[in-house]
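Visitor: Here it is, the structure, as structure tokens.
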Amino acid sequence: MGFQAYEIYKELSQTRPHLVRILIEIAKLHRKFAHVPIDELSKKIKNVNLDSALHFLVKKKLIKRISQPYVGVYLTPHGNDFLALHWFVRKNYIIAIGDPIGIGKESEVYWCLTPNQEEVALKIHKAGILPFKSGKRYRIYLNTKDKIPDLAESKLAARREAEALKKIKGIVNAPKPIAQYRHFLLMEGIAGVDLVKVKGLNHDDARYLYEIIIENVEKSVKQCHVIHGDLSEFNIILNEEDGNPIIIDWPQWVSNEHPSAWFLLERDLFNICAYFAQKHDVNTLSSKEIREWIESDLLKKPRPSEQARDEFVFEKMLEEMEDTDLDRPFIVEKFDEKSNIDDEMF
Ligand SMILES: Nc1ncnc2c1ncn2[C@@H]1O[C@H](COP(=O)(O)OP(=O)(O)OP(=O)(O)O)[C@@H](O)[C@H]1O
Ligand SMILES: [Mg+2]
């Protein structure tokens with residue numbers, strides 16, 4: 001199995017490396033152009049029949065052509081997947097892609113194999129975390145200078161998730177991050193079942209899981225200053241080895257200092273309590289107890305005005321990211337020190 005880009009990747013990288021070079025040049029030129037003029041591209045690519053090369057890449061659905069207002073090309077989402085994949089393979093992080101684990105609207109997650117035969121998880125972000133505001137999507141390109149807005153947002157989501165996983169690593173039950181590049185995040189693979197899909201959980205086990213999850217929320221907030229922001233039974237995997245709950249899906253996290261931290265933490269705790277109380281009859285914290293706990297112990301500050309609830313969520317998040325160069329990889333663990341290819345561009 002594996003996703004389509006991988007099959008094409010194997011074919012192209014082995015037999016037609018010059019085509020990979022062309023895709024890389026197109027990606028670089030995307031920093032200046034939403035649609036890359038053929039004239040600009042031909043300045044970079046010498047000794048190749050560019051026309052037939054582009055024809056082939058169009059046929060493989062890696063790029064598309066435009067003829068107005070000038071003759072140009074642009075990378076398709078498929079082409080972007082191809083390039084991110086190229087980096088992970090060249091850097092020796094993965095040698096194969098396997099079955100999909102979760103395919104959703106916002107991401108696709110696949111099993112991958114490392115050179116040490118370990119199974120890891122590759123999350124491909126397909127959408128940003130930025131909402132629509134008065135009919136217009138926030139368009140912040142930060143330092144990417146990226147002219148592909150959807151890709152810029154997916155990169156932002158992937159980077160934020162990688163940062164959260166790094167901050168909580170070793171403290172909170174969550175997948176360990178390995179590396180993030182463009183819209184791809186490689187992390188520890190958790191063999192298990194999503195909590196929401198578990199059938200016939202008995203009351204004692206449910207009570208135990210509830211307690212561990214609440215303990216993990218506490219550690220995340222107190223020791224790491226990280227609030228998940230989208231916590232619910234849908235973002236918890238039960239590890240099949242020891243039955244422990246692992247919290248996943250962190251791109252929308254905020255720090256304790258964020259103006260919406262209070263409300264997001266309240267919602268996270270409320271979601272978990274509601275699920276265990278309603279589905280498994282666990283005696284959980286009441287809404288009042290959640291509020292008191294946040295105020296007196298977790299964040300140690302009073303509940304802010306309602307206005308702070310949504311108002312600043314994304315502005316503040318983006319402000320915090322302003323100095324981040326999203327075109328550079330974010331590496332937590334190196335697999336192969338020998339690989340010395342240029343970090344920024346493959
Ligand atoms: N590290 C991991 N190890 C194993 N499985 C994972 C891992 N991360 C995610 N998954 C699986 O992939 C699914 C989707 O992951 P996640 O919740 O992070 O993405 P999402 O943005 O919510 O995607 P969706 O659009 O599908 O809701 C999870 O429900 C889980 O089954
Ligand atoms: Mg999820």
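Visitor: With label points built 7 Å along Cα→Cβ from the Cα atoms of LEU113 and ALA277, find their separation and express it in nm.
Guide: In this crude spin-label approximation the distance works out to 4.8 nm.
Visitor: Just subtract the alpha-carbon distance of GLU333 and ILE103 from 0.36 nm times their residue separation and send over the number in nm, one decimal.
Guide: Working it through step by step, the gained length comes to 80.2 nm.
Visitor: I would also like to ask the following. Separation between the PHE56 and SER286 pseudo-spin-labels, each 7 Å from Cα along Cα→Cβ, expressed in nm?
Guide: It works out to 7.1 nm between the two label points.
Visitor: In Å, what Kirkwood hydrodynamic radius results for the stretch 193-321 from the alpha-carbon pair distances?
Guide: Its Kirkwood hydrodynamic radius stands at 15.2 Å.
Visitor: Expressed in nm to one decimal, what extension gain is obtained for the pair GLU7 and ALA34 from 0.36 nm per residue of sequence separation less their Cα-Cα distance?
Guide: 7.0 nm
Visitor: I want to make sure I understand the PRE zone here: with the label point 7 angstrom from the Cα of ASP242 toward its beta carbon, which residues in the stretch 189-215 have backbone N atoms less than 17 Å away?
Guide: Those under the cut-off are 189-193, 208-215.
Visitor: Give the peptides 268-280, 202-214 in descending order of average Cβ contacts within 10 Å, highest first.
Guide: 268-280, 202-214
Visitor: If I stretch the segment between ILE171 and ARG65 completely, what's the gain in nm (0.36 nm per residue apart, minus their alpha carbon distance), one decimal?
Guide: Stretched fully, the ILE171-ARG65 segment lengthens by 33.3 nm.
Visitor: Separate question: From the alpha carbon gyration tensor of the stretch 143-264, can you work out the equivalent ellipsoid semi-axes (sqrt of 5 times each eigenvalue) and give them in Å, largest to smallest?
Guide: The equivalent ellipsoid of the stretch 143-264 has semi-axes of 27, 17, 13 Å.
Visitor: In bins 10 Å wide, starting from 0, what share of all Cα pairs of the chain does each bin hold, as a percent?
Guide: The distribution over the chain is 5, 23, 30, 23, 12, 5, 1, 0, given as percents.
Visitor: 5 Å is the cut-off here: which amide hydrogens, built 1.01 Å from N in the peptide plane, fall below it relative to GLY98, excluding neighbours closer than 5 in sequence?
Guide: TRP111, CYS112, LEU113
Visitor: Rounded to the nearest 10 degrees, what's the angle between the helix 77-90 long axis and the longest principal axis of the chain, both from Cα atoms, 0 to 90?
Guide: The angle comes out near 90 degrees.
Visitor: How much net charge surrounds VAL332 when only other residues with a Cβ under 9 Å from its Cβ are counted (Lys, Arg +1; Asp, Glu -1)?
Guide: +3
Visitor: Collect residues whose amide H, placed 1.01 Å from N in the peptide plane, falls under 5 Å from the amide H of ILE63; neighbours closer than 5 in sequence don't count.
Guide: Close amide H contacts, sequence-distant or interchain: VAL58, THR76.
Visitor: May I ask for the equivalent-ellipsoid semi-axes of the stretch 4-79, computed as the square root of five times each C-alpha gyration tensor eigenvalue and listed largest first in whole Å?
Guide: 19, 14, 11
Visitor: I've got another one for you. Compare the peptides 256-264, 95-103, 57-65, 227-235 by average per-residue count of other Cβ atoms within 10 angstrom and give them in order, highest first.
Guide: My ranking of the peptides, most packed first, is 227-235, 256-264, 57-65, 95-103.
Where a number appears in this text, it was derived from the coordinates with a stated rule and is not lab data. Because the structure is a prediction, the values reported are computed rather than measured. Don't worry about glycine lacking a Cβ; one is built from the backbone with ideal geometry, like all the others, and counts go over all protein chains shown.
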